[in-house]
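Written out below as structure tokens is the structure these notes cover.
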Amino acid sequence: MEQRRWPWRAGLLGGLLLGALAPSALGAGPTLKRLDPPGAQRGTAFTLTLVGSRLQEAEIVSNLPGTITPLTASGRGAEPGKAAEERPFLVELPEESPVGLYTLRLRSPEGLSNALLFSVGALPEVSEDESRQPVHRALNNSAEGSQPLQLPATVNGTLPGPDRDFFRFEGRKGQRLVIEVEARRAGSALDPVVRLLTAEKKQIAVSNDTHGLGVDCRLDVSLPDSGPYYLMVHDARFSRQEQNFYRLKIGDFAYAAGLFPLGGRRGEKVPVRLVGGNLKGSREVTVDLSRVGPAADFATVAVPGPAGSLPLLFAVGDLPETTEPNGVAEARLEPGTVINGRIAKPGEVDRYRLAVNPGEEWTIQLEAGGLGSSRLYGRLTAYDAEGNRLASAGDDIPEVAVFSAVLRGLRTSSDPFLIVKVPEGVRELVVAVEDLVERGGSLFGYRLRARRQAADFLVSLETPYINIPAEGTAGVQVSIQRRGYLGEIRLGIPDAGEDLEVEGGLVPTASLVQGERARSASGILTLTARKGAGHRMRELSVWGEAVLEDGTLLRRRARGPGLVTQVQSSRGTGRPDPNNRDDQAPFAAHWLGMELPAAVSESAVAVLKVEGPRSIRLVQGMQTRLPWKFESAVPGLRPPQRVIANSVGSREVNVRVGEVGAEYVSEGWVRIGTTVGTPVIKFNLVLSGPVEVDGAQVTLYSRPLTVDVVPGYRLSLAGEGIGLTPGGGGELLGRVEREPAFKQPVSIRPENFPLGVSCPPVEVPADQDEFRVVCRAEDSAAPGEYEFEITSSSMLAGREKEKVPYRIAPLRSTMVVSAGEDTARAIPIER
């Protein structure tokens with residue numbers, strides 16, 4: 001949907017004539033903390049209050065339908081830049097506005113704000129009285145103090161910590177009601193629970209997590225008697241969350257529990273059948289994907305009938321699509337085609353036949369629970385035509401806490417994939433799809449595809465948006481999910497434009513052999529605004545590129561999080577405890593189809609600089625250190641409390657910034673250390689640290705340093721090998737190519753040569769590069785062609801007192817023992 005902008009000058013609208021912005025305000029973009037209310041009924045006009053900081057000089061960027069008009073704020077309000085700024089707007093929503101979630105963010109000369117979601121509903125709206133109090137007072141924390149409601153209604157409420165909200169309504173015997181809580185889907189951190197109580201306060205229904213709603217919940221009830229009823233809403237963990245709003249919907253509105261198929265092809269119109277729920281009449285709808293953008297992974301499907309519930313998510317892809325045929329025991333799986341299937345009953349196994357050739361490598365991927373629209377915890381197995389198992393995935397039962405969270409809807413499952421190398425004699429694979437715990441039903445859909453490809457990877461952004469200081473640097477965090485591909489990946493932003501310089505983005509090779517199970521990795525990109533860079537808002541696309549062993553180029557587009565809501569864990573932190581089944585990961589709205597919204601701000605508040613060369617070569621086992629410095633043009637701006645190193649190198653690389661315990665220092669050293677076991681690797685290193693500007697945190701990033709961990713020396717040989725005759729000799733010439741920092745003698749030792757042949761070791765002094773291996777064959781040496789090794793060893797440079805041994809991988813060469821005349825010869829080294 002189109003993003004529109006509504007300009008708004010705080011100085012004109014709020015009665016404050018703002019002059020030039022103070023330097024201390026620069027570099028910190030606006031921040032939205034909440035929208036009040038978080039939603040509204042379509043066809044109404046209402047006051048929307050933005051609550052946040054640094055809201056001056058801003059314009060609204062939103063796809064919200066209707067019009068948005070700034071209102072004059074009552075009184076002076078908070079000072080610009082403080083945490084309690086509030087700005088009111090008149091919003092008028094058309095009657096025909098679709099029910100759904102819409103994004104809203106701010107753009108100012110200091111950059112972009114975070115995005116928040118605004119919910120457009122169909123029912124009359126009321127606010128919880130307790131949440132309207134300037135200072136929190138318990139008003140409806142019991143049935144006796146419950147807030148009365150007239151149905152149908154949507155209640156906008158909050159749960160500040162260990163709170164319970166009670167509401168009261170009059171019901172009729174046999175009355176059918178749908179009661180739904182909308183929270184996490186709209187960006188709240190709450191994990192809501194709703195309970196229905198009788199007039200005697202006896203619980204007759206409860207819902208914690210409902211399939212298709214994530215951790216949100218829904219009740220569908222027929223009231224047993226006429227009279228008063230109570231609804232109680234609370235957080236499942238009674239946790240204290242910053243984003244603590246909810247929308248309680250009560251009425252006789254339509255909803256569906258799911259749909260089939262789970263997705264379709266971009267640009268097409270797809271027939272879809274809605275599953276479950278309370279729909280009356282036809283369940284067949286057509287989903288139009290002709291206007292879905294190239295970056296979107298999802299579209300939305302509105303439910304026909306009386307409106308109230310949010311639309312369902314529908315996956316979008318670019319490959320041809322088909323549906324599993326009915327009544328066929330083993331359907332054909334065509335390469336490069338998505339087949340939409342369903343495990344229709346418990347214990348069912350769907351099988352597909354895939355034509356292959358010996359030696360080919362195939363990637364077979366299943367999408368189900370990870371989409372959020374299927375209950376399937378998928379298991380994927382590949383067999384040959386005789387039933388011999390070749391590979392399987394998804395058959396490892398996770399830890400109890402994790403598995404329980406998946407079954408409860410707190411987490412989505414990680415869908416399985418297979419990488420299969422076809423054995424000799426195999427011309428057909430049988431691919432089996434099933435639920436790990438043998439469940440099934442109408443909500444157990446999946447999407448299956450196969451392609452001839454040895455490996456793959458996925459790219460996701462951890463950074464939801466970015467503000468790049470003018471002539472300054474900002475960082476973008478990227479996560480990689482390796483699906484069999486363990487080689488080097490290079491990240492880039494092709495559409496950055498000439499006014500932005502993109503650096504970094506090197507994700508080094510993993511240490512496991514290609515074809516192992518998926519491994520996660522991380523990368524970091526930096527963007528530096530060149531002098532004169534435009535201040536326009538733009539949406540950037542991050543791509544990952546890699547080259548497979550067969551030369552195939554893989555390009556994968558990064559999926560953006562849209563927005564991120566931190567969910568406080570049971571320990572009071574934003575990090576989930578893997579051993580606690582109730583702890584949850586941050587909420588991200590990937591389905592919004594956003595990539596990387598970006599803007600260039602007015603100025604940088606400060607910079608972090610790593611002084612010295614931007615690229616260094618570091619010998620295995622050695623270490624180096626480089627100075628860094630914090631510089632600021634803002635008087636009194638305190639340095640970061642701590643500067644950290646964002647490194648995506650090997651675990652065997654030790655990176656430390658400054659001294660242990662050092663805080664708020666404006667300069668220091670970054671130390672990079674390796675061991676002799678550190679693999680040869682190239683990676684990026686970026687320093688970062690938060691500074692506080694007018695009560696807001698601004699993260700400073702250095703420009704990236706490229707670190708190339710290399711061997712201390714390399715060996716090269718002249719010629720293809722050495723030739724000998726029994727009783728004769730021969731020689732092989734070579735060269736030691738040392739790194740400038742490695743000035744050590746190297747011992748050369750030939751090994752694994754045949755019986756009857758001797759090749760004495762050679763010592764290459766530190767001031768020499770060339771060496772000569774001389775071999776002699778005894779009369780008893782058997783003629784033939786042999787492979788032997790040239791091994792080497794040395795001592796680690798700079799650590800002679802410790803006498804740390806250092807070796808590199810051996811070279812292989814060929815030795816030919818001939819029965820004829822002496823063919824030994826010296827092959828000159830190329831200079």
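The values are calculated or read from the model by the stated rules, or taken from the named source; none is laboratory data. Remember, it's a predicted structure, so these values are computed and weren't measured experimentally. Quick reminder, even Gly has a Cβ in these numbers, built from the backbone with ideal geometry, and neighbours come from all protein chains shown. SASA here: full protein model, heavy atoms, side chains in, ligands and nucleic acids out. Shrake-Rupley method; radii C 1.70, N 1.55, O 1.52, S 1.80 Å.
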Checklist entry - Any idea which residue in the range 448-462 is nearest to ASN646 (Cα to Cα), counting only those that are under 13 Å from the mean Cα position of the chain (by Cα) and either among the basic types (Lys, Arg) or surrounded by fewer than 20 Cβ atoms within 10 Å (Cβ to Cβ) (or both)? => result GLU462
Next on the checklist: Quick check on the range 786-799. Is at least one of its residues touching a Gly at 6+ places or on another chain (Cβ under 8 Å), open to solvent by 20 Å² or more (accessible area, probe 1.4 Å) and under 16 Å from GLY712 (Cβ atoms)?
Outcome noted: yes
Item to check | Flag for VAL126 being without any contact (Cβ under 8 Å) to a residue 60 or more places away in the chain and either among the hydrophobic types (A, V, I, L, M, F, W, C) or not in a loop (DSSP other than H, G, I, E, B) (or both) | outcome: yes
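So, in the range 806-831, of the ones that are charged (D, E, K, R) and part of a loop (DSSP other than H, G, I, E, B), which residue ends up modelled with the highest pLDDT? So that I can check it myself, show each step before the final result.
Step one: list which residues in the range 806-831 are charged (D, E, K, R), which gives 807, 812, 821-822, 825, 830-831.
Still in the list and also part of a loop (DSSP other than H, G, I, E, B): 807, 821-822, 825, 830-831.
On the way: ARG807: 94, GLU821: 54, ASP822: 44, ARG825: 43, GLU830: 37, ARG831: 31.
The qualifying residue modelled with the highest pLDDT is ARG807.
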Checklist outcome for this item: Filtering the range 320-334 down to residues that are exposed (fewer than 14 other Cβ atoms within 10 Å of the Cβ), assigned to a loop (DSSP other than H, G, I, E, B) and on the phi < 0 side of the Ramachandran plot yields PRO320, PRO325, ASN326, VAL328, ALA329
Checklist entry - Conditions: (1) farther than 27 Å from ALA299 by Cβ; (2) at pLDDT 95 or above; (3) open to solvent by 10 Å² or more (accessible area, probe 1.4 Å). PRO80 meets all but one. Number of the miss? => result (2)
Checklist outcome for this item: Note on GLN477: of the conditions (1) assigned to a strand (DSSP E or B); (2) buried (at least 18 other Cβ atoms within 10 Å of the Cβ), unmet is (2)
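This table checks each residue for (1) of a type in the set (Gly, Ala, Ser); (2) under 23 Å from GLY251 (Cβ atoms); (3) modelled with pLDDT of 95 or more.
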| site | (1), (2), (3) |
| --- | --- |
| ARG87 | no, no, no |
| PRO98 | no, yes, yes |
| THR103 | no, no, yes |
| GLY111 | yes, no, no |
| LEU117 | no, yes, yes |
| PRO124 | no, yes, yes |
| GLU130 | no, yes, no |
| VAL135 | no, no, no |
| ASN140 | no, yes, no |
Checklist entry - Only one of PRO635, PRO711, PRO679 is over 30 Å from the mean Cα position of the chain (by Cα) and under 25 Å from PRO805 (Cα atoms); which? => result PRO711
Checklist outcome for this item: Of the residues in the range 518-570, those that are assigned to a loop (DSSP other than H, G, I, E, B) and touching a helix residue (DSSP H, G or I) at 6+ places or on another chain (Cβ under 7 Å) come to PRO561, GLY562
Checklist entry - List, please: which pairs have Cβ atoms under 9 Å, are six or more places apart or on different chains, and start with a residue in the range 311-332 that is free of Cβ contacts under 8 Å to residues at least 60 places away in the same chain and end with one that is part of a loop (DSSP other than H, G, I, E, B) and hydrophobic (A, V, I, L, M, F, W, C)? => result PHE314/LEU262; PHE314/LEU289; VAL316/LEU289; VAL316/VAL292; VAL316/ALA296
Checklist outcome for this item: Given the conditions (1) touching a Ser or Thr at 6+ places or on another chain (Cβ under 7 Å); (2) within 23 Å of GLY593 (Cβ to Cβ), every one holds for PHE245 apart from (2)
Item to check | Residue selected from the range 298-307 under the condition open to solvent by 50 Å² or more (accessible area, probe 1.4 Å) and assigned to a loop (DSSP other than H, G, I, E, B), by the criterion nearest to GLY593 (Cα to Cα) | outcome: ALA302
Checklist outcome for this item: Checking LEU715, LEU732, LEU755 in turn, the sole residue that is open to solvent by 10 Å² or more (accessible area, probe 1.4 Å), hydrophobic (A, V, I, L, M, F, W, C) and in a strand (DSSP E or B) turns out to be LEU715
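Just give me the residues in the range 450-473 being outside any strand (DSSP E or B) and under 24 Å from GLU488 (Cβ atoms), in sequence order. Lay out the reasoning, then the answer.
If we filter the range 450-473 for residues that are outside any strand (DSSP E or B), which is where we start, we get 452-455, 462-465, 469-472.
Residues satisfying the conditions are ARG452, GLN453, ALA454, ALA455, GLU462, THR463.
Residues in the range 530-550 that are over 18 Å from LEU461 (Cα atoms) and open to solvent by 50 Å² or more (accessible area, probe 1.4 Å): how many?
Of the range 530-550, the ones over 18 Å from LEU461 (Cα atoms) are 530-537, 547-550.
Add one more test, that the residue is open to solvent by 50 Å² or more (accessible area, probe 1.4 Å), and what stays is 530-532, 535-536, 547, 549-550.
Residues in the range 530-550 being over 18 Å from LEU461 (Cα atoms) and open to solvent by 50 Å² or more (accessible area, probe 1.4 Å): 8 in total.
Yes or no: GLU739 surrounded by fewer than 19 Cβ atoms within 10 Å (Cβ to Cβ) and in contact (Cβ under 8 Å) with a residue 60 or more places away in the chain?
Details: surrounded by fewer than 19 Cβ atoms within 10 Å (Cβ to Cβ): yes; in contact (Cβ under 8 Å) with a residue 60 or more places away in the chain: yes.
The answer is yes for GLU739.
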Next on the checklist: Which condition from (1) open to solvent by 30 Å² or more (accessible area, probe 1.4 Å); (2) in contact with a Pro (Cβ under 9 Å, 6 or more places away or on another chain); (3) of a type in the set (Lys, Arg); (4) under 24 Å from GLY562 (Cα atoms) is the one that ARG247 breaks?
Outcome noted: (1)
Next on the checklist: It is to be established whether one or more residues within the range 794-805 are closer than 30 Å to THR678 by Cα, at pLDDT below 95 and β-branched (Val, Ile, Thr).
Outcome noted: yes
Item to check | Qualifying position, being among the β-branched types (Val, Ile, Thr), under 25 Å from VAL502 (Cα atoms) and in contact with a Phe, Trp or Tyr (Cβ under 6 Å, 6 or more places away or on another chain), among VAL691, VAL707 | outcome: VAL707
Checklist entry - So which pairs qualify, if the first residue must be in the range 704-729 and over 12 Å from VAL816 (Cα atoms), the second must be part of a strand (DSSP E or B) and of a type in the set (Asp, Glu), the Cβ gap must be under 6 Å, and the two must be at least 6 apart or on different chains? => result PRO704/GLU503; ARG714/GLU737
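Matching residues to (1) at pLDDT 90 or above; (2) in contact with a His (Cβ under 6 Å, 6 or more places away or on another chain); (3) polar (S, T, N, Q); (4) not in a strand (DSSP E or B):
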| site | (1), (2), (3), (4) |
| --- | --- |
| TRP628 | yes, no, no, no |
| GLU631 | yes, no, no, no |
| GLY636 | no, no, no, yes |
| SER650 | no, no, yes, yes |
| ALA662 | no, no, no, yes |
| VAL670 | yes, no, no, no |
| LYS682 | yes, no, no, no |
Item to check | Sole residue being farther than 30 Å from SER632 by Cβ, out of contact with any His (no Cβ under 8 Å at 6 or more places or on another chain) and assigned to a strand (DSSP E or B), chosen from LEU618, LEU608 | outcome: LEU618
Checklist entry - Only one of these conditions is not met by VAL433: (1) within 24 Å of ALA331 (Cβ to Cβ); (2) in contact with a helix residue (DSSP H, G or I) (Cβ under 8 Å, 6 or more places away or on another chain). Which number is it? => result (2)
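Would you call ALA122 open to solvent by less than 60 Å² (accessible area, probe 1.4 Å), in contact with a Gly (Cβ under 6 Å, 6 or more places away or on another chain) and more than 18 Å from GLN241 (Cα to Cα)? Can you show your working first?
Working: open to solvent by less than 60 Å² (accessible area, probe 1.4 Å): yes; in contact with a Gly (Cβ under 6 Å, 6 or more places away or on another chain): yes; more than 18 Å from GLN241 (Cα to Cα): yes.
Answer is yes for this residue.
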